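Undergrad: Take this structure first; my questions come after.
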Amino acid sequence: MTTIFVSKEYRRMGIGAALMAKADGMLSKNAAVERSIGVCKDGDRCSLQFLYKHGYYTSYSSFIMEREGVPLPESNISVRQYEDDDYVICHNIWEIAFYQMHERVGILPSYYYPPNETERKRFAEDRNNRFVMLIDDKIAAVGIIDGSELSHVSVRPDLQSRGYGRAFVSFLINEIIRRGGEIVTLGVVKGNPAINLYKSLGFKEKSLNHLVTKYYKPDTRLSRPPSDLLTGTIQ
């Protein structure tokens, strides 16, 4: 993580540009760094223009939403915590769901990231905050709780639009409340129709963030998923 900050009285003197050039030089020489990512809140035109000037572009915009209030009615669904043996199917459900969402809303470049052991280890270490929903004893949806934040909720593509997402999100909201959370937050990409589901469950838009990206190397994630994952049932 790199933070560049210039006190107000020293702005418009080229200091920010010099710091950005220094950071870019360090990041571009690091073999492990492929791109730099930043977030600007809607209305912060000065920061956005500064980043555009230095080679960044807006990858996508995301609404930050909040919900407070009583727990939601829960459906009779089967949900359990994530286990290490779930890794490959959970990874693929998440990757395919977000790949297809990116394609629908026009986020380019879209990408598929294959399973890897580093991610698997990270999932296992965070298993208490990861949940899977089961349909006929098979994983149908995955989701993550991070404190009071709900994230990465994904339903298997062949099971979408059947009400499973609403039931699963309701469970996760209630789980956050059971853990002591009073306000539940989440982010939803602008243009993603899932925002209608979240609004119907009591979420309200609080802000709009713009995610900006700059590539230092060709993006290794620029790949399509295997065709069987796009056209068949993820198992």
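Coordinate-derived values only; no laboratory data. Just so it is clear, the structure is predicted and the values come from calculations on it, not from any experiment. Cβ sites come from the backbone with ideal geometry, for glycine too, and all protein chains shown count toward neighbours.
Undergrad: Give me the number: length gained by fully extending Ala21 to Val33, i.e. 0.36 nm times residue separation minus the C-alpha to C-alpha distance, one decimal in nm. Intermediate results must be reported in sequence, preceding the final value.
TA: Numbers: separation 12, 0.36 × 12 = 4.32 nm, distance 1.57 nm.
Extending this stretch completely gives an extra 2.7 nm.
Undergrad: Also, quick follow-up: What residues qualify as long-range amide H neighbours of Asp146, i.e. H under 5 Å apart, gap of 5 or more or another chain, H built at 1.01 Å from N?
TA: When sequence neighbours closer than 5 places are left aside, the close amide H contacts are Ser151.
Undergrad: For an R0 of 35 angstrom, estimate the FRET efficiency from the Cβ-Cβ distance between His54 and Arg162 and round to the nearest 0.05. Provide the component values of the computation, followed by the final result.
TA: Details: r = 45 Å, r/R0 = 1.30.
Calculated value: 0.15.
Undergrad: Compute the relative contact order of the stretch 76-143 as a whole-number percentage, counting only Cα pairs closer than 8 Å that sit 6 or more residues apart in sequence. Before the final figure, lay out each step's value.
TA: Working: 67 pairs, mean separation 33.1, N = 68.
Relative contact order of the stretch 76-143: 49 percent.
Undergrad: To continue, here is another question. List, in the order given, every pair from Lys8/Lys53; Lys190/Lys217; Lys190/Lys214 whose Cα-Cα distance in the structure shown is over 25 Å.
TA: Details: Lys8/Lys53 19 Å; Lys190/Lys217 27 Å; Lys190/Lys214 20 Å.
Where the Cα-Cα span goes over 25 Å, the pairs concerned are Lys190/Lys217.
Undergrad: Running a GNM on the chain with Cα contacts under 10 Å, which residue among Ser148, Ser61, Ser28 ends up with the highest mean-square fluctuation?
TA: Residue with maximal mean-square fluctuation among Ser148, Ser61, Ser28: Ser28.
Undergrad: Still on this model: Can you give me the angle between helix 87-105 and the longest principal axis of the chain, using Cα atoms only, in degrees from 0 to 90, rounded to the nearest 10?
TA: Compared with the principal axis, the helix lies near 60 degrees.
Undergrad: While we're looking at this one, here's another question. Can you show me the helix-derived [θ] at 222 nm for the chain, built from DSSP H runs with n ≥ 4 at -39,500 (n - 2.57) apiece and divided by the number of residues, rounded to the nearest 500. Mind dumping the intermediate values first?
TA: Working: 7 runs with 79 residues, N = 235.
Calculated from helices alone, the mean residue ellipticity at 222 nm is -10500 deg cm²/dmol.
Undergrad: Which distance in nm do the two modelled labels at Ser151 and Lys138 give, with both placed 7 Å along the Cα-to-Cβ direction?
TA: 3.0 nm
Undergrad: Continuing with the same structure: Quantify how much of the Cα-Cα distance distribution of the chain extends past 32 Å, in percent. Could the numbers behind the result be given before it?
TA: On the way: 7721 of 27495 pairs.
When every Cα pair of the chain is considered, 28 percent fall beyond 32 Å.
Undergrad: In addition: Calculate the length of the line joining the C-alpha centroid of the stretch 151-218 to that of the stretch 84-120, in whole Å.
TA: The distance from the Cα centre of the stretch 151-218 to that of the stretch 84-120 comes to 16 Å.
Undergrad: Another one. In degrees, nearest 10, range 0 to 90: what is the angle between the Cα axis of helix 15-29 and the longest Cα principal axis of the chain?
TA: Tilt of helix 15-29: around 60 degrees.
Undergrad: Shifting gears a bit: How far, in degrees from 0 to 90, does helix 164-178 lean away from the longest principal axis of the Cα atoms of the chain, to the nearest 10?
TA: Roughly 80 degrees, rounded to the nearest 10.
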